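To keep things clear, I will list the structure first and then write my remarks on it.
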Amino acid sequence: MTTLLTALLLLADVRPTSAPLALVRDLPLPGGAARFDYQWVDAEHRRLYIAHLGADTLLVFDLDGQKIVGVVKGLPSVHGVVAAPEKHRLFATVTGEKKLAIIDDRSLEVLARVPAGEYPNGLAYDPKSEKVYVSNNSGVGIGVVDVAHSKALPPIAIGGGAGNSQYDAGSGHIFVTVHKVAELVEIDPATDKVVAHHPLAGVGGCHGLLTDSPRRIAFAVCDGKTLVAYALDEKKILDRAPVPTGPDVLALDPGLGRIYVSTGSGAVGVFEMTAARKLRALGEHKVGPNAHTVAVDPRTHLVYFPLEDVGGKPLLRVLQPRGAIGHNP
C-alpha cells in the first residue's frame, strides 16, 4: 500500500508535507521596504493594526475586505500597538519621541502624545483602570500612562529592561518579561506595584510573551531559543520546547489552540498544548525574510506576516493553518 501511494504521488507530482501552514495570498503594503514591528487584531470590528516601524506609520487593514483602509503617519519608529475598541482608541509607542500616541480609531487622528519612558516598545492595556503599561528596553522598565486623561504616571521598576507586556483578563494584572532575567513580573494596576516575581528555572532572560487567559497559561520565549509554558494559577513551568532561530513576537489562535512563534530568521514555529498541558510542536514553516511579527484572526484562523522586503517592496503574507475547520479563503 505504501509503495502504491508513493507511486501515485510521484505521478501526480504531489509530495507529502508536514508544513503546518499554507499560503493564501500576498498583498501589497504602502511605504518603503522597511522594518515592521507589533500588530494588533480587533476581531470584533474586523481590523488589523500593523506598526510599520521603518516608515513611521501605523497601517489599518480591513480583515474582511483584505485591504488597507487607513494610514496614521508621523509616528517616528513606531513599535507597539494595542486597541481599546470600546473606547474607540488606539495606543502606539512612538519610540523616536519616547512617547505613547493616543489615536481615535474612527478619524485616525492623533489626540495626544504622552511621555512613556526611555525606550518605549511593547505595551499592554488594562481596560478597568484605563491605563497603558509600556515596556521600556532601557531606563525604568515599565512606563505607565493614564490614557483617559492623557497623563504620564510614575514608572515601575522591574529589575531590568522590559521585554513584552501582556494583560491577563483572568487576574486583571499585567505580566512582563525582563531582559537578562529568567522570570515573569506581575503588576497590579490597582496599585501600580509589582506583586509577584515568577521565576522561570532552567532558562535565561526572556523577551516575547503572550497570555492565554482562559486556559491560565503564559507563554514566554527565553534564551532566544526556548518556548516556556507557565501555569499562572499553579505558578509552575508546564513545559519547554525549542523554537526556530531568532524568536520575537508570539500570537495565539484561541479556537484552534495554536501558538505561533515568529522569528527574524523567517521561520515560524507552530505549537499546541496537549490535554496533559504539554507543548506539542506541529512543525515549522518558512514564511519569508524578516518574518519576526505575527498576528492571528481568531474568526478565520488566518495568520498574518508583514514582510519588509520582498523584491524591494513590503507585503502582507497571509497564511492558513492546514486542517483549519470552516474557513473559506
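Numbers for the structure displayed
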{"read-out": "Accessible area expressed per residue, the range 113-225, with surrounding protein chains retained (probe 1.4 Å, Å²)", "value": "37 Å²"}
{"read-out": "Simple label model, 7 Å out from Cα along Cβ direction - Glu86 to Glu234, nm", "value": "3.1 nm"}
{"read-out": "Inter-probe distance in nm under a simple model that places probes 7 Å from Cα toward Cβ, at Gln66 and Glu44", "value": "2.7 nm"}
{"read-out": "Shape call, the range 136-233: gyration tensor on alpha carbons, a/c limit 1.5", "value": "oblate"}
{"read-out": "Fraction of the pair-distance distribution of the chain above 30 Å, Cα-Cα pairs, percent", "value": "32 percent"}
{"read-out": "Calculated from backbone phi, Karplus (6.51, -1.76, 1.60) coupling profile of the range 123-139 in Hz, x at Gly/Pro", "value": "7, 9, 10, 9, x, 6, 8, 6, 10, 10, 10, 10, 6, 10, 5, 9, x"}
{"read-out": "Residue with peak Gaussian network fluctuation, the chain [Cα springs, cutoff 10 Å], from Val249, Val261, Val110", "value": "Val110"}
{"read-out": "The chain, relative contact order [Cα under 8 Å, separation at least 6], %", "value": "13 percent"}
{"read-out": "Most mobile listed residue (Lys151, Lys73, Lys128) in the chain, GNM with C-alpha springs under 10 Å", "value": "Lys128"}
{"read-out": "For the range 115-187, alpha-carbon Rg relative to the globular expectation (2.2 N^0.38 Å, N residues)", "value": "0.99"}
{"read-out": "Selected from Ala229, Ala33, Ala295 as most flexible by GNM, with the chain as the system and alpha-carbon contacts under 10 Å", "value": "Ala33"}
{"read-out": "Cα centroid of the range 288-311 to Cα centroid of the range 217-248, whole Å", "value": "21 Å"}
{"read-out": "Charge dipole of the chain about the Cα centre (unit charges at C-beta), most positive-ward option of Gly172, Val221, Ala148", "value": "Val221"}
{"read-out": "Ala152-Ala196 pseudo-label distance in nm [points 7 Å out on the Cα-to-Cβ vector]", "value": "3.1 nm"}
{"read-out": "Dipole magnitude of the range 23-126, debye to nearest 20 (Cβ charges: Lys/Arg +1, Asp/Glu -1, about Cα centre)", "value": "180 debye"}
{"read-out": "Length added when fully stretched, Arg299-Glu109, from 0.36 nm per residue minus Cα-Cα", "value": "65.6 nm"}
{"read-out": "Acute angle (nearest 10 degrees) that the helix 2-11 long axis makes with the longest principal axis of the chain, alpha-carbon atoms", "value": "80 degrees"}
{"read-out": "Label zone at Arg277 (point 7 Å along Cα-to-Cβ), backbone N below 12 Å, the range 218-252", "value": "218, 229-239"}
{"read-out": "Alpha-carbon spread of the range 189-304, three principal axes, descending order, Å", "value": "41, 31, 31"}
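The values are calculated or read from the model by the stated rules, or taken from the named source; none is laboratory data. Everything numeric in this text was worked out from a predicted model, so none of it was measured. Cβ sites come from the backbone with ideal geometry, for glycine too, and all protein chains shown count toward neighbours. Areas reflect the complete protein model, heavy atoms only, side chains present, ligands, DNA and RNA absent. Shrake-Rupley method; radii C 1.70, N 1.55, O 1.52, S 1.80 Å.
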